[in-house]
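Structure first, commentary second.
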Amino acid sequence: MAKDLKGVRALVTGAGSGIGRAVARRLAAGGCRVAASDVKEDRVDEVARLIRGEGGDALAIAADVAQQKDVDRMTTETVSAFGGLDVVVNNAGVGYAAFIETVEDAEIDRVLGVNLLSVIRITRAATPHLKKSGRGRIVNVASVEGIRGSGLLPVYSATKAGVIGMTRSNAVELARFGVTVNAVCPGPIQTEMLSPLLADEKYHEKLIKGVPMRRLGVPEDVAGAVAFFASEESSFITGNVLVIDGGMTVKAL
Ligand SMILES: NC(=O)c1ccc[n+]([C@@H]2O[C@H](COP(=O)([O-])OP(=O)(O)OC[C@H]3O[C@@H](n4cnc5c(N)ncnc54)[C@H](O)[C@@H]3O)[C@@H](O)[C@H]2O)c1
């Protein structure tokens, strides 16, 4: 793989599994120095080891993105280890499927905290460093559920629509500092987050039928797009929301 990201300093949240793990590996393969962060300590250690084994440069940071003190520590540790920060990938997230009448207060707080408030707090903490970088990049992992309505994910969808709103607002604010802010909106991607839903065979089948490409996505389908937004090639692209869903959202009936 071309080292198109050589020496670029990146922080990836939720890097312990699924999309975040694939993003961390892809960025490292492109030459990034990657701070791989996750609430699960054993997972980040494992991913950092894996990346080093692949010849990449990785730092493991255990942090809960829903906690302000962890966000501050994660940012400081990354900046001190790498001497600055060029790319932030806000990927950590949790799913929550519940019809609106059964939505629970504790879950509202949890899902908002991990999926949306963390993006606000991490962006606030990282922005001074990204401005200094001269080629700052923020890539937010939203979801097609922030654009369309599935009927089963009201709280989750609200957080992802919020992330898209943040992306656009920050893109305008930070453009003059050379910082681009873009979002990716994955459709159904085969990861741990989706596995409880995929366990239901009928739902699994229905999901695939809804995708014109007749398959679920894999984490690498998202990682390539994130790497593009992190690269020099996307330097005039900001405020974009890129859907990665095998055609699911543009399909009519
Ligand atoms: N899988 C899909 O179909 C899909 C579709 C659209 C969007 N997404 C989004 O992609 C992102 C990654 O999800 P995934 O599918 O790879 O799921 P995943 O469950 O495999 O990975 C999510 C990671 O986030 C970490 N995490 C959870 N809470 C955290 C916290 N408080 N602090 C730090 N890390 C935390 C988990 O430990 C896990 O490693 C999420 O934002 C998700 O909403 C996923």
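The values are calculated or read from the model by the stated rules, or taken from the named source; none is laboratory data. Model, not experiment: these values are computed from the prediction. Quick reminder, even Gly has a Cβ in these numbers, built from the backbone with ideal geometry, and neighbours come from all protein chains shown. Heavy atoms of the whole protein, side chains included, go into the accessibility calculation; ligands, DNA and RNA do not. Shrake-Rupley method; radii C 1.70, N 1.55, O 1.52, S 1.80 Å.
The calculated FRET efficiency for residue 81 paired with residue 240, based on their beta-carbon distance and R0 = 25 Å, is about 0.25.
Normalised by the number of residues in region 165-248, the mean separation of alpha-carbon contacts (under 8 Å, six or more apart) gives a relative contact order of 47 percent. Centre-to-centre separation between the Cα atoms of region 17-91 and those of region 215-253: 21 Å. Among 218-228, 8-18, sorting by the average number of other beta carbon atoms lying within 10 angstrom of each residue, highest first, gives 8-18, 218-228.
For region 205-237, applying the loop criterion from DSSP together with a ceiling of 10 other beta carbons within 10 Å to the trypsin sites (Lys or Arg not before Pro) yields 214. Qualifying GluC sites (Glu not before Pro) in region 77-113, where qualification requires a DSSP coil assignment and no more than 15 other C-beta atoms within 10 Å, comprise 104. At 0.36 nm per residue, minus the direct Cα-Cα distance, what do residue 253 and residue 176 gain on full extension? Give it in nm, one decimal, please. That works out to 23.5 nm of additional length.
Spacing of the modelled spin labels on residue 199 and residue 169, each 7 Å from Cα toward Cβ, amounts to 3.7 nm.
The Cα atoms of region 101-157 give a gyration tensor whose axes a ≥ b ≥ c have a/c of 1.5 or more with a/b no greater than b/c, which makes the shape oblate.
Hey, with R₀ at 22 Å, roughly what FRET efficiency would residue 215 and residue 50 work out to, going by the Cβ-Cβ distance, to 0.05? The pair residue 215/residue 50 has a calculated efficiency of 0.30. Summed over qualifying helices (DSSP H, 4 residues or more, each -39500 (n - 2.57)) and divided by its residue number, the chain shows a 222 nm mean residue ellipticity of -13500 deg cm²/dmol. Note on residue 206/residue 109: beta-carbon distance plugged into 1/(1 + (r/R0)^6) with R0 of 41 Å gives a FRET efficiency of 0.85.
Averaged per residue, the chain has 46 square angstrom of accessible surface, using a 1.4 angstrom probe with ligands and nucleic acids left out. Summing charges over neighbours of residue 175, with a neighbour being any other residue whose Cβ is under 14 Å away from its Cβ, gives +4 when K and R count +1 and D and E count -1.
When the solvent-accessible area of the chain is split by element, carbon and sulfur atoms take up 55 percent of it, the probe being 1.4 Å. For region 85-175, the relative contact order is 40 percent, taking Cα pairs closer than 8 Å that sit 6 or more residues apart in sequence and dividing their mean separation by the residue count.
Peptides 19-31, 236-248 ranked from most to least packed give 19-31, 236-248, packing being the mean of other C-beta atoms within 10 angstrom over each peptide's residues. For the pair residue 147 and residue 120, the difference between a 0.36 nm per residue extended length and the Cα-Cα distance amounts to 7.8 nm. Based on Cα contacts under 8 Å between residues 6+ apart, the chain shows a relative contact order of 19 percent.
For a straight C-alpha distance cut-off of 22 angstrom, the lysines reachable from residue 202 (same-chain residues fewer than eight places away being disregarded) are 251.
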